[in-house]
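Please find one structure pasted underneath; my questions will follow.
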Amino acid sequence: MFITFEGVDGSGKTTQTRLLAERLREEGREVVATREPGGTELGERIRDLVLHGGDVTPWAEASLFAAARAQLVDEVIRPAQERGVDVVCDRYIDSSLAYQGVARGLGVDRVLELNLLATGGVLPDKTFFLVLPVEEAVRRRGGDEDRLEEEGAEFARRVDGAYRELAAAFAKRVVTVDAKQPTEEIASFIRGELRDLS
Ligand code: TYD
């Protein structure tokens, strides 16, 4: 299985990525857990540039995320798929569609096209979109903000709206999860949703 987690910053997807990987391993499955941007040496360097560097124009931003993703697919995701191993990833293409395509206004179709080229069309089997009221997510983040988090609540609201539209557009792949529930309950729900894949 190739599973991804999406949501605004502070929605709890990093925790759920970790918990799903742990559960699958407890069941005896081999799991590669990774994150975006990052997950490879080049990807982590791009992460630093795009999140903690200076000014980045919208298309430079989209291209840098796509470059990190291309490297992750070739180095980590495709080899794991070829070995028959599960892949659990904290963010993937939908992040670019929501943040760059909608919130930055580059257009979902164009950003999708860029990313399909970069990844060779590798898409997740299931995507969990963790939904949390934006104010609550911003509060949960704490103080240490990266360049995209600094855009503030209005930007986060655009991202949130974009994810909701994507969830409707890709209804077969994307499962919407109420992130206000207790962490363990969310983890059990997510594992349950994957039963037909594993
Ligand atoms: P994330 O790793 O979730 O943040 P952290 O772990 O620091 O809380 O994501 C980093 C930021 O990058 C986040 O604000 C979303 C943004 N992002 C995009 O804008 N486009 C993308 O394609 C990806 C993968 C992330």
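Show me the helices (runs of 4 or more DSSP H) found entirely inside the range 1-80 where at least 1 residues are among the hydroxyl-bearing types (Ser, Thr, Tyr) and within 11 Å of the ligand (Cβ to nearest atom).
Of the helices (runs of 4 or more DSSP H) lying wholly inside the range 1-80, those with at least 1 residues that are among the hydroxyl-bearing types (Ser, Thr, Tyr) and within 11 Å of the ligand (Cβ to nearest atom) span 13-26, 58-72.
On to the next question. What are the residues in the range 86-135 that are more than 13 Å from the ligand (Cβ to nearest atom) and of a type in the set (D, E, K, R), if any?
Asp86, Asp109, Arg110, Glu113, Asp125, Lys126, Glu135
Which members of the range 28-74 meet the condition of being closer than 13 Å to Thr119 by Cβ and of a type in the set (D, E, K, R)?
Hits for the range 28-74 are Glu36, Arg69, Asp74.
Could you grab the pairs with beta carbons closer than 7 Å, sequence gap of 6+ or different chains, first residue in the range 82-105 and over 19 Å from Val56 (Cβ atoms), second one open to solvent by 10 Å² or more (accessible area, probe 1.4 Å) and within 8 Å of the ligand (Cβ to nearest atom)?
Qualifying pairs under 7 Å: Cys89/Arg35; Cys89/Glu36; Asp90/Lys13; Asp90/Thr14; Asp90/Arg35; Asp90/Glu36; Tyr92/Glu36.
So, one more: For the range 89-146, what are the residues that are open to solvent by 50 Å² or more (accessible area, probe 1.4 Å), part of a loop (DSSP other than H, G, I, E, B) and modelled with pLDDT under 95?
Correct list: Pro133, Gly143, Asp144, Glu145.
Also, I was wondering about something else. Name the pairs whose Cβ atoms lie under 6 Å apart, with the first residue in the range 47-74 and polar (S, T, N, Q), the second open to solvent by 30 Å² or more (accessible area, probe 1.4 Å), and 6 or more positions between them or separate chains?
Here the result reads Gln71/Leu42, each pair linking the range 47-74 to a residue that is open to solvent by 30 Å² or more (accessible area, probe 1.4 Å).
The values are calculated or read from the model by the stated rules, or taken from the named source; none is laboratory data. No experiment lies behind these values; they were computed from the predicted model shown. Neighbour counts are summed over all protein chains in view; Cβ atoms, including those assigned to glycine, are modelled from backbone coordinates with ideal geometry. Calculation scope for accessible area: heavy atoms of the full protein, side chains included, ligands and nucleic acids excluded. Shrake-Rupley method; radii C 1.70, N 1.55, O 1.52, S 1.80 Å.
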